Structure formats: structure tokens, C-alpha cells
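Colleague: Below is the structure I would like to discuss, written out as C-alpha cells.
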Amino acid sequence: MKYSDQIGDWLLALGYTHCFYVGGGNIMHLIESLSLRLDCHPVINEVAAGIAAEYFNEASRGGAKALALVTAGPGLTNIMTAIAGAFLESRELLVIGGQVKTADLAHGTLRQRGIQEIDGVSITRPITIESVLLEEPLEMQTFVDLVQASRHGRKGPVFIEIPLDVQARQVEPVTADEAAIAPRPLPRITDQVLAEVADRIRHATRPVLLLGGGIDRATAADLRIRFSELGIPLATTWNAADRIDADHPAYVGRPNTWGQRSANIVLQQADLLVALGSRLGMQQTGFNWQQFVPNGEVIQVDLDRAELEKGHPRIAKGLCADANDMLTRLARMELGDHAEWLAYARHVRDALPAVEAINNTADSYISPYCFVEHISTLCHPSDTIIPCSSGGAFTVMMQAFRQKAGQIMITNKGLASMGYGLSGAIGAAFANPDGRVVLVEGDGGFAQNLQEIGTARINGLNLKIFLFDDGGYASIRATQRSYFKGRYVGCDRGTGLGLPDWEKLFAAWSVPVMTLEASNMGCAEFSASFNQPGMAAFVVKLDPDQTYFPKITSRITDSGTMESNPLHLMTPELDADIVDSVLRYLPKQGGEIP
Ligand SMILES: Cc1ncc(C[n+]2csc(CCOP(=O)(O)OP(=O)(O)O)c2C)c(N)n1
């Protein structure tokens, strides 16, 4: 049997159903073998293959898997952003790459020997869990273990580079049976440690549970009713945004540096935070991590010991274990009565609306906040929501979108790259052929991978694109306005940014397109188009000078470094008449933390 056929059989056994790729001579055997076994879909640029595969795996409701296949040299260099994004976000991603034949490998002695040769393993090593060059065919169990490394434990990308002659090698077929692909068990905390944590929660006055991306959707869904009975305020990270619906009685929102003010304020008033499956990175804790949960203790549960020992934020206890197992067992225990605290947390949420009146939107433009609130109500529980990964569209979605039970919501905030939205939405749409995918992305971010409109179009995906058109990079404009007295550089057409005429662009692929302004947002034509299967684009006209508040303010110090407020002190400051009622357990704005 040809080794590339053998690999195809093993991938099938491992649950792969889809492959995103761009063709190339150095993967010719792999393309043939995989196309006979999987749904293989060409994309225009390899970066889209990587992002689509990542989002497919995240969005897959039935457990089907996708991988990316890239050719040697430019195929590999093009996919690098996607590999980096999956690494930072702990997302499952298998990338199989071609390579020149083994006789032509330079082995580091030359810049290049084989045509298009580049040392993929060395380039990808720092951003993958495993990165290997197969100079010989791998035996079945080693291959399976390599692939499993991407999806068990702390997830991340695996890169397997296969020279052309190894792809074509004849091998004795070996089946990957169930025993071979059974995952290894993850570390669990002991009953004694579990009892200690339960005891701390029972005795806490103001506990908060923070669910991170390490908590599976299935675990969270199974516990939905139990969360109500426990009555402990429940927040999520952005990666776990869809683990609990916005209407859940214990839900207190998404705290974050660019998060919801009410969620930040509730979290910061906790006297005990139990963070489950979150690395507690700086976006989560605020740059000012020294004042994260200033009057409380943090217990962090994460599979990666390095995240527990990194030194920020300060944690009272780090537990290196499977957060799903721990949460499931914890939820069965008696964790005390926290009804009064939950009622207070809900009061804070009600008192501080997600959409703040301070933001100004010039006449005829749409307020992005109101727009996001509006589409939250229009989206169905079965929709997959892709709030892109950078710029105002991203932060407004994460502040104002009200997720429903059943919805899947995926971003990639670790790399926070422009250009993720459309490719991610394509992957999510392939994973949910019967569902609708709703993408919200800024014009700048969208422009970076707009070539994939064609991929979505030719595959007839049920994809609705909301393009926030503010004439360029509003985020960059805002920075230049705040810190450099409005000296605008490279952020819009007037400063050299060559963005297209969006209506004509979508028309080039025969995608129905409609421009939305304040006057026609509620019109019947829009809702008909939004609810019709297939692809449609909506260009949402935003004020180029739209403000984005609340946010954490930073200052440039005399030495040139940045200094930031803690999570609960967002700009603008709260009115005096509300401060006392929502900051009961924190110092008032500008005051000292007791
Ligand atoms: C690949 C990449 N390059 C540069 C940046 C820096 N950056 C962050 S936001 C932004 C502008 C994004 O523009 P757009 O998507 O239109 O959102 P807006 O700022 O207008 O809200 C840029 C250039 C980035 N995040 N990703």
C-alpha cells in the first residue's frame, strides 16, 4: 500500500472527515490519497486552510474533524499565522505538509537544496506541540500518538512534514483500531483536594466561578441546571463565551481587559475566584494583574503546570488537572448558600448596561453596540457566531452580544489577528452544513483574507457576513488620536490604505449584498435576506470616529512604558450616584484598595 493511502486510512480512523488545502507538487500523493477518503476543499490561501480547520474542529457538534494540508515552502510559510493562532489559543490543529524528496533535503547545511525546500520543522517548532519530519514512514501507533497530541490534554497544533518519496513509499498496511486511538487519561485531582476546594467555596462570602476554554461545551451543557441550583455567580472567558447562555440566572458575563464593565466589577469584588480551564492570561486579568481580584484569593485549575507557575496573577492554589472532571465532581457537592451575593452580582449587572450612553455615533450611522444587541435577538440558538478576532467588531461583539443556549461562538484572541473571521466562518460552516454561520468583522480585518469569499461562494455556504465599514482601521485611528494628537498614518483611504468598494467586491462573486444604515436596519428586505439560506453580505455603515467605551485606560509613563487601570476601573468613570451601589466591596474610583 502507498504510505499516503495508509495515512489517509489512519486519519479516517482518527475521525477526520474534512481537509482544507492548496495544491502543490510536493503533496501530490497526499492530495490523491486524502481526496479519495475525506471531503477535501481547496481554499485560495493556505492561511485559510489552517484557520478553517481550527474553527471546524471547534464548531463541530458531532465530533467530526478537519485538518490542513499544505505543500512545501510557500504553502507552509503561508499557513504560519494559523499555526501560531491555534498554538496560543490551545486549539486542536493538525497540519500535514509536503516536503522535497529525502535525497534533496539540505539538512541545515545549505539554505536550500530541493526546489521550494524550506525547513518546516525548525520554523514551526516554537508554535507547535509536536513538529516532525518523516524521513521514514512512521509506524501506526507513533503516527496516531502524534495526532492525538493535538487534541488531548492542553490542545495545540501538530505539524507532520512528509517528503514526496516517503508519501509514495510502499508499506504493509496496518489498521488503527480502537485500542490504538483510545486517548490517555488526563490528571485528576484527589478527593481530598476536591473537598478542600469545596470547603473554601462553602466558606467564601463572595465566590465566583470563571469557566475557561478548557471546559468543554458538553460539560457546561450537562451542568446548566446544576449551576442554577448552586447559585454561585458564573463568568466565562472569551474562549468559553458560549458555555453558558446570557439568560442563565447565575451568569454574570465576560470579564476581560476589553470586557463588560459589570462582569469586571463583579469579578473584582470576589473574595474567592475559582478559574477552571483558563490560563488567566493578561487579557483576562488586565495588564495590571497585580490588582486582579484585589480582595480575594484565586484558585486556578489548568492542565499546563507552566500556566500555574508563571507568576501572574498571584494565585493561592494552582491545580494541574482536568478542569472538566474537577468541575463535574465539584458541582455534585454542597457548596453553601450564596444567594445574597448572587443577588448583588445580578444587581450590578442590571445597573450597568452593556451599551453605554457615552458612545457617540454621528447621524445616519449605526451604533455598533446597538447593532450587536439587535442581531443578538435575531440570531437563532442553532447559529454559529464568529465575532472575528481584532478591531472594534471583535470587542463590541464580546461586550454586547447576548449568546443563546446552543449557539457556538468562536474567536481567536490570543494572536488577535486581522483576517481570521472569514476563514474561521468557512470552517465553522463546513462543520455545520445544516446551520447558519453569522460573521461580524471589520473592513480592515476582512480585507486581509477577502480572497476566501470565493471559497464560501463556490461551496454554497450558509454564511451571513456583517462587514463593519468604518473606512479603515478605526482602532489604529483611535490610538493615534489618543496618544499622538490625531496624526493619522496608514489607517484609512486618506492615509494610503487601499480598501475596495465593498458592494462591487461582493458582486464580483455574485454574493447578494446590502448596505445597512440607521434607516434600513429593521427593514423587511434585510430580515428576509438574513433568514434565507445561502450566502449574503451586509455592509454596516459605522462612523469612522465611533468611540468604543467602556475600556481600560492606559497611560504612557515618563520612562515610555504603559501603566493600566485594574479591571474594575474602566473609562469613563462611573457617575457618583451609582458607584456606591455597584462597588460595595471595592475602593471607589481612584481610591486605594483596602
Ligand atoms: C495581522 C494583523 N496586523 C495588524 C494588526 C493590528 N491591528 C489591530 S486592529 C487593526 C485594525 C483593524 O481594522 P478593522 O478590522 O477595520 O477594525 P476597526 O479598527 O476599524 O474597528 C490593526 C491594524 C492585527 N491585529 N493583525
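The values are calculated or read from the model by the stated rules, or taken from the named source; none is laboratory data. This is a predicted model, so every value here is computed, not measured. Virtual Cβ from ideal backbone geometry, glycine too; neighbours counted across all protein chains shown. For accessibility, only protein heavy atoms count, side chains too; no ligands or nucleic acids. Shrake-Rupley method; radii C 1.70, N 1.55, O 1.52, S 1.80 Å.
Colleague: Compute the length gained on full extension between Ala64 and Asp337: take 0.36 nm times their separation in residues and subtract their Cα-Cα distance, giving the result in nm to one decimal.
Modeller: Taking Ala64 through Asp337 to full extension adds about 94.2 nm, to one decimal.
Colleague: Continuing with this model, one more query. Through the Karplus equation 6.51 cos²θ - 1.76 cosθ + 1.60, θ set to phi - 60°, convert the phi angles of region 537-544 into ³J(HN,Hα) values in whole Hz; use x for Gly and Pro.
Modeller: For region 537-544, the Karplus-derived couplings read 10, 10, 8, 9, 7, 10, 5, x Hz, x marking Gly and Pro.
Colleague: How long are the three semi-axes of the equivalent ellipsoid of region 251-354, in whole Å, if each is the root of 5 times an eigenvalue of the C-alpha gyration tensor, listed from largest down?
Modeller: Each semi-axis is √(5λ); the values are 22, 19, 11 Å.
Colleague: Search the structure for amide H atoms under 5 Å from the amide H of Leu67, placed 1.01 Å from N in the peptide plane, and list their residues when 5 or more places away or on another chain.
Modeller: Counting only residues 5 or more places away or on other chains, the set is His18, Cys19, Phe20.
Colleague: Applying the Karplus parametrisation 6.51 cos²θ - 1.76 cosθ + 1.60 with θ = phi - 60° to the phi angles of region 560-565, what ³J(HN,Hα) value in whole Hz is obtained for each residue in order, glycine and proline being reported as x?
Modeller: So the J values, rounded to whole Hz, are x, 7, 9, 10, 10, 6.
Colleague: Looking at this model, which pairs from Lys2/Lys65; Lys404/Lys464; Lys65/Lys101; Lys155/Lys310; Lys65/Lys464 are more than 25 angstrom apart at the alpha-carbon?
Modeller: Lys65/Lys101
Colleague: Rounded to the nearest percent, how much of the accessible area of the chain (1.4 Å probe, protein heavy atoms only) is carbon and sulfur?
Modeller: 52
Colleague: Let me ask something else about it. In terms of modelled amide H atoms, which long-range or inter-chain residues lie less than 5 Å from the amide H of Ser131?
Modeller: The answer is Phe159.
Colleague: Name the residues whose placed amide hydrogens come within less than 5 Å of the amide hydrogen of Ala537, ignoring near sequence neighbours (fewer than 5 apart) on the same chain.
Modeller: Under 5 Å from the amide H of Ala537 lie the amide H atoms of Ile465, Val513, Met514, each far enough along the sequence or on another chain.
Colleague: Placing +1 on the Cβ of each Lys and Arg and -1 on the Cβ of each Asp and Glu in the chain, which of Leu267, Thr142, Ala405 has its Cα farthest towards the positive end of the resulting dipole?
Modeller: Leu267
Colleague: Starting from the eigenvalues of the Cα gyration tensor, five times each then square-rooted, give me the equivalent ellipsoid semi-axes of region 325-463, largest first, whole Å.
Modeller: The answer is 31, 23, 14 Å, longest axis first.
Colleague: Between Glu563 and Lys485, what is the FRET efficiency for a Förster distance of 25 Å, r being their Cβ-Cβ separation, to the nearest 0.05?
Modeller: According to the calculation, E is roughly 0.80.
Colleague: Moving to a separate point now. What do you get when you divide the Cα radius of gyration of region 368-541 by 2.2 N^0.38 Å, with N the number of residues?
Modeller: Ratio of Cα Rg to 2.2 N^0.38 Å: 0.99.
Colleague: Would you mind computing, in nm to one decimal, how far apart the modelled labels at Cys523 and Arg202 are, each placed 7 Å from Cα along Cα→Cβ?
Modeller: For Cys523 paired with Arg202, the spin-label model returns 6.2 nm.
Colleague: With a probe of 1.4 Å, find how much accessible area the chain has per residue, and write the answer as a whole number in Å².
Modeller: On a per-residue basis, 39 Å².
Colleague: Same structure again: Let me know the Kirkwood hydrodynamic radius for the chain, please, with Cα pairs as the basis and the value in Å to one decimal.
Modeller: Its Kirkwood hydrodynamic radius stands at 25.2 Å.
Colleague: Quick check on region 434-537: what are the equivalent-ellipsoid semi-axes from the Cα gyration tensor, as sqrt(5λ), descending, whole Å?
Modeller: Here the semi-axes work out to 29, 16, 12 Å.
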